[in-house]
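For reference, the structure is listed below as structure tokens.
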Amino acid sequence: MNVVQLNDAVTVIFMSHTTVAALVAFVLDVTLSREDDAARKDIGLQWWERFSLYSADVKNDEFYSLPCRLDKLFPPS
């Protein structure tokens, strides 16, 4: 890939309004403080923390179980 093709690829990617908006949103999300309760709620951490550990939510067993009780045949990892 020569320089002209690389320049064209980068130009096409950054001319997309969706890509630029996603990058700006990502940067703003990363810069938020995670210690404040209001900020944790804004970025969705209180919702995500329940699912970050498998045993943290009782619904995980039901949601991730295999049909016909096949999960009983496989040891937990």
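Coordinate-derived values only; no laboratory data. All of these numbers come straight from a predicted model, not from anything done at the bench. Neighbour counts are summed over all protein chains in view; Cβ atoms, including those assigned to glycine, are modelled from backbone coordinates with ideal geometry.
The loop-placed trypsin sites (Lys or Arg not before Pro) in segment 6-46, going by DSSP, that have at most 13 neighbouring Cβ atoms within 10 Å of their Cβ come out as ARG34. Converting phi to 3J(HN,Hα) with the Karplus coefficients 6.51, -1.76 and 1.60 and the offset θ = phi - 60°, segment 59-66 yields 6, 4, 4, 5, 6, 8, 6, 7 Hz in sequence order, with x at every glycine or proline. Summarised in one figure, the compactness ratio Rg/Rh of the chain, Cα atoms and Kirkwood Rh, is 1.25. Given TRP48, SER16, LEU70, which one lies farthest toward the positive end of the charge dipole of the chain, if we put +1 on the Cβ of every Lys and Arg and -1 on the Cβ of every Asp and Glu? Value computed over the given set: LEU70.
Using r as the Cβ-Cβ distance of LEU28 and ASN2, and R0 as 35 Å, what FRET efficiency do you calculate, to the nearest 0.05? Efficiency at R0 = 35 Å is approximately 0.50. Just name one of ASN2, VAL58, PHE26: the one whose Cα is farthest towards the positive end of the charge dipole of the chain (beta-carbon charges, Lys/Arg +1, Asp/Glu -1). The one lying farthest along the dipole's positive direction is VAL58. Helix-only arithmetic for the chain: the sum of -39500 (n - 2.57) across DSSP H runs with n ≥ 4, divided by the residue total, places the mean residue ellipticity at 222 nm at -18000 deg cm²/dmol. Only the Cβ atoms of Lys and Arg (+1) and of Asp and Glu (-1) were treated as charged; on that basis the dipole of the chain about its Cα centre amounts to roughly 240 debye.
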